[in-house]
Structure formats: C-alpha cells, structure tokens
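Just dropping this structure here.
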Amino acid sequence: MDYILKYFLELTEKQRQQMAALETLYPEWNAKINVISRKDIDNLEVNHILHSLGIVKFVKFTPGTRVMDLGTGGGLPGIPLAIYYPDVTFHLVDRIGKKLRVAQDIAERIGLTNVTFQHGDVKEVKGKFDFVVSRAVMDLGDLVPLVKRFIDTEDRNAVPNGLICLKGGDLSGEVQKYKSQVLIDELSSYFKEEFFKTKKILYLPL
C-alpha cells in the first residue's frame, strides 16, 4: 500500500482496506488462474493497481458517470477505479470467463456494489456509457470502431465523453489515423517509479 498511499492520501479508511485486500486476493487467485503474469505478480501494487489508478490522475469522474472496462481480464483497471469512485458505475466486460470470475469474486469479497460484469464479446453489450476504458487490450484502430456506438452524446465530466486507454511504448503508428484528435498524457508526470517511464494515457473523444 505504500505506493498507493504515496499518491492517493485522500482515500478513506474503507477504500484503503479495499485496496489493501487486492494485494492479498490477486496473488491468491493467481496461484490458481494466471490472471497476471507469474513473473509480475510481485509487482502487483505498482505495475497493475497503481497503473490502473493513472486514469484518476487524468480525469476526475463526476458522480453518476458510467464507465465500461473493455477486456478487463481479472478486473484491471475496473476494480481499482470502482474502489476510488464509489459513486460511478463500472461495467466490466471480457471474453474469457475464468478471468472474469476472478474479478467478480474479488469485487464481492471487498464489498463493491458499483460494478457489473458481462462475459462475452463487446458486440453483445447494450447501453450507453460516458467512457470506455481499456488497459493494453488492442490497437486503437481496431478498438474505436467497436466502442464508438456506446458513447453517450451528453457530457457530464471536465473532458468530453470518449475512450481512455492505458498503453506503453511508441504509439506514433497507432495514433496516426487519429492524430488531430488524440491526446497522449505521460504517466511519468504523475508517478515517479521506473515502470511509468514508458507508460501513457491515450484519450480520444468520441
């Protein structure tokens, strides 16, 4: 919890307990199902939970915001974000049922009431959302056509509704098609750990 509290001192006692529980529950599940790379599970707090919370540094969601986490896997970034934003609803979607069951179990065990889950393809999702978030799921050119129809036209946040991706490395080729609209925010401007030197938030209003 040291790294999370370093950047998020505003967390309530309940939120601190929920975040701390993630550091026990994910390794417990990972011993049974490879949700996070076995080589990387020891870096869970920084490389996965804190990384997910990078979205908080980019935009503060207002109460009532609706967010879809596409390709959530075991619940990242959706579960850490749902802890931070108890007044925001999160719909976590993944095609791999066993990973989604991990996310469901963890959400239940820490008492999250603002998350829903859907096992299946994004084409089966119904409803409107203010934002779609994803963490290294697919290339922007493939992702945008899939999620565009979900974005509501009425904005309720400081930035217009759209797509927020957590990505790393050189994105120049990936964003070429959208370069006039896309915003790239360096996570190293918020988090000083080595891991974040190449990590970015990619935001595209839709």
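Can we say Gly54 is touching a residue at least 24 places away in the same chain (Cβ under 8 Å), surrounded by 21 or more Cβ atoms within 10 Å (Cβ to Cβ), on the phi > 0 side of the Ramachandran plot and in contact with a helix residue (DSSP H, G or I) (Cβ under 8 Å, 6 or more places away or on another chain)?
No: the conditions fail for Gly54.
Which one is surrounded by the fewest Cβ atoms within 10 Å (Cβ to Cβ) among residues in segment 136-164 that are assigned to a strand (DSSP E or B) and among the β-branched types (Val, Ile, Thr)?
Ile151
Also: Report yes if Asp139 is touching a residue at least 60 places away in the same chain (Cβ under 8 Å), among the charged types (D, E, K, R) and either out of contact with any His (no Cβ under 9 Å at 6 or more places or on another chain) or on the phi > 0 side of the Ramachandran plot (or both), otherwise no.
Spelling it out, it is not the case that Asp139 is touching a residue at least 60 places away in the same chain (Cβ under 8 Å), among the charged types (D, E, K, R) and either out of contact with any His (no Cβ under 9 Å at 6 or more places or on another chain) or on the phi > 0 side of the Ramachandran plot (or both).
Now a separate question. For the condition modelled with pLDDT of 95 or more and touching an Asp or Glu at 6+ places or on another chain (Cβ under 9 Å), what is the one hit in Glu23, Glu28, Glu13?
Values: Glu28 fails: touching an Asp or Glu at 6+ places or on another chain (Cβ under 9 Å); Glu13 fails: touching an Asp or Glu at 6+ places or on another chain (Cβ under 9 Å).
Step by step, each of Glu23, Glu28, Glu13 is checked, and only Glu23 is modelled with pLDDT of 95 or more and touching an Asp or Glu at 6+ places or on another chain (Cβ under 9 Å).
Out of Gly71, Gly64, Gly75, I need the residue that is in contact with a helix residue (DSSP H, G or I) (Cβ under 7 Å, 6 or more places away or on another chain), at pLDDT 95 or above, on the phi > 0 side of the Ramachandran plot and of a type outside the set (Phe, Trp, Tyr). Which one?
Gly75
Here's a follow-up. Looking for whichever is among the basic types (Lys, Arg) and under 13 Å from the mean Cα position of the chain (by Cα) here; the options are Lys39, Lys57, Lys32, Lys6. Which one fits?
Among Lys39, Lys57, Lys32, Lys6, only Lys57 is among the basic types (Lys, Arg) and under 13 Å from the mean Cα position of the chain (by Cα).
So, in segment 60-72, of the ones that are more than 10 Å from the chain's Cα centre (by Cα) and crowded, with 18+ Cβ neighbours inside 10 Å, which residue ends up farthest from Arg95 (Cα to Cα)?
Phe61
Another question, then. With the checklist (1) without any contact (Cβ under 8 Å) to a residue 24 or more places away in the chain; (2) assigned to a helix (DSSP H, G or I); (3) not aromatic (Phe, Trp, Tyr) in hand, flag the one item Lys32 doesn't pass.
Of everything listed in (1) without any contact (Cβ under 8 Å) to a residue 24 or more places away in the chain; (2) assigned to a helix (DSSP H, G or I); (3) not aromatic (Phe, Trp, Tyr), Lys32 misses just condition (2).
In segment 177-194, what residues are more than 19 Å from Val137 (Cβ to Cβ) and assigned to a helix (DSSP H, G or I)?
Ser188, Ser189, Glu194
Among what's in segment 147-168 and is over 14 Å from the mean Cα position of the chain (by Cα) and in contact (Cβ under 8 Å) with a residue 60 or more places away in the chain, pick the residue that is farthest from Lys179 (Cα to Cα).
Restricting to residues being over 14 Å from the mean Cα position of the chain (by Cα) and in contact (Cβ under 8 Å) with a residue 60 or more places away in the chain, the top hit is Arg156.
The values are calculated or read from the model by the stated rules, or taken from the named source; none is laboratory data. This is a predicted model, so every value here is computed, not measured. Every residue, glycine among them, receives a Cβ derived from its backbone with ideal geometry; neighbour counts consider all protein chains shown.
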